[in-house]
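Below: one structure, written as structure tokens.
The values are calculated or read from the model by the stated rules, or taken from the named source; none is laboratory data. Remember, it's a predicted structure, so these values are computed and weren't measured experimentally. When we count neighbours, we look across all protein chains shown, and the Cβ atoms used for this are built from the backbone with ideal geometry, even at glycine.
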Amino acid sequence: MLASLIPLFDKNMMTCAYSIFAQKQDYLKTPYAAGSGRFDGAGYVTGLEIVDSSGIDTLSGSREVFIEMNNISIFTDLDSQTRAPHDKLVLLMGADIVPDETYVKRLIELKNKHYKLAIRNIPIDRFEDYRVILKLLDYIFLDHKKIKIQVARVYFQTQFPNLKLVAVNVDSQEDYDKLTEGGGYSLYEGDFFRLPKTTGDRELAPLKMNYLSLLNLVNAPDFDLTKAADIIQNDAALVVSLLEIVNHMAMNSEITSVRHAAAMLGQKDLKKWINTAVTKELCADKPSEVTRISMLRAKFAENLAELFGIGGMSQELFLTGMFSVLDLMLDKPMKEALSMVKISKNIDEALLERKGDMGDVLSFIEEYEKASWQEVSRLMILKDIEMNDVYQAYLDSLSWYRDLMAASSKK
């Protein structure tokens, strides 16, 4: 099993929804399974498992989540497979859903249960054939390279005014600029859109429960530095702030982990920093999209350490994953951003050049995020890693993030 969360963006490059792309078989290891891939969703819908593992609010911040469906899974008992609100789930179908009475009847049933519907891979010359289905849809995915949006916009606004258009295969800044200038699309998806670019998403927000836990811990007699470090590492904003302080004190330091940084600061100064800096942040908003990506990568990287044969580097991998979006956190080029939090040379090289064992893990995570399953499978074969172990590592990172967010919302 492989599954990944793909963001969809609006014209302002803000994350507005997610798609869950899944694959049950490793087709490089078992090529014969490709022939039966169309039956992947027969037993259950993988995307719904991801939603329930992480929680819809944690996963998407109450945004919509697109779930891949096929001509088999569309008839399964979806209600028994998820606790998520139906109106937050968009069932994303393909051309194997045809406009005949059986499918139309099922789609009407799903709409009556408040599920949302979307479709992709419908040839332009078949739009009229799909009219009865298009009337039921909330979204249609269109390859902007194969369609004239000016014509499509008039057609859909006239014939299906409630249908939102999603541009796919948007892979460059030039494509994006042209599409947003012309208008017509509600959402955009492509390799160009894997991370948010807006200032609003770059701001690091604190996790309230971490701050409360830290205050309680450091104000107890003879508190444990290791425990404090373990709480700090659950918040990207705290880690950045801690490393900035430590590097001001020791200019030539090469920090390898949050525990290392806390030990360098020492019990007295760590307590002082937490009591002054953390208290001011207790009422801050929930984590931003960049924080979500940063924390998920951190935990996923840590979980992959053993699988890549570098279990002893799990703490460094946590920092590597967390700081893989440090440029977005600080709104600076990565090299400049890294100079502000002087970390170990190994982490630095992994982030800047994808060098070394940690660079391999980070490259793997980036391919996994894009749902580049063929490349992911190739890398798993090279490293002799089992597909289900990777999937469990990913699920665990989602569950860990869900619990982290749940704890941060408590008072």
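Of all residues being on the phi > 0 side of the Ramachandran plot and not in a helix (DSSP H, G or I) in the range 328-358, which is surrounded by the most Cβ atoms within 10 Å (Cβ to Cβ)? Just the residue, please. Looking at residues that are on the phi > 0 side of the Ramachandran plot and not in a helix (DSSP H, G or I), I get Arg354. Tell me, yes or no, whether the range 383-392 has at least one residue that is under 17 Å from Ile20 (Cβ atoms), touching a Lys or Arg at 6+ places or on another chain (Cβ under 9 Å), assigned to a helix (DSSP H, G or I) and at pLDDT below 90. No, the range 383-392 has no match at all. Return yes or no: is Thr180 at pLDDT 90 or above and of a type outside the set (Lys, Arg)? Answer is no for this residue.
Of Val154, Val98, Val166, Val104, all but one fail to be exposed (fewer than 13 other Cβ atoms within 10 Å of the Cβ) and out of contact with any Asp or Glu (no Cβ under 6 Å at 6 or more places or on another chain); the exception is Val154. When Val361, Val376 are checked against the criterion of being assigned to a helix (DSSP H, G or I) and touching a strand residue (DSSP E or B) at 6+ places or on another chain (Cβ under 7 Å), a single residue qualifies: Val376.
Across the range 3-58, which residue is nearest to Met387 (Cα to Cα) among those that are at pLDDT below 70 and under 14 Å from the mean Cα position of the chain (by Cα)? Quick ask: steps written out before the conclusion?
Our first condition is that a residue be at pLDDT below 70; within the range 3-58, this holds for 25-43, 53-54, 58.
Imposing the further condition that a residue be under 14 Å from the mean Cα position of the chain (by Cα) reduces the set to 53-54, 58.
Numbers: Ser53: 18, Ser54: 20, Thr58: 25 Å.
Ranking the candidates gives Ser53 first.
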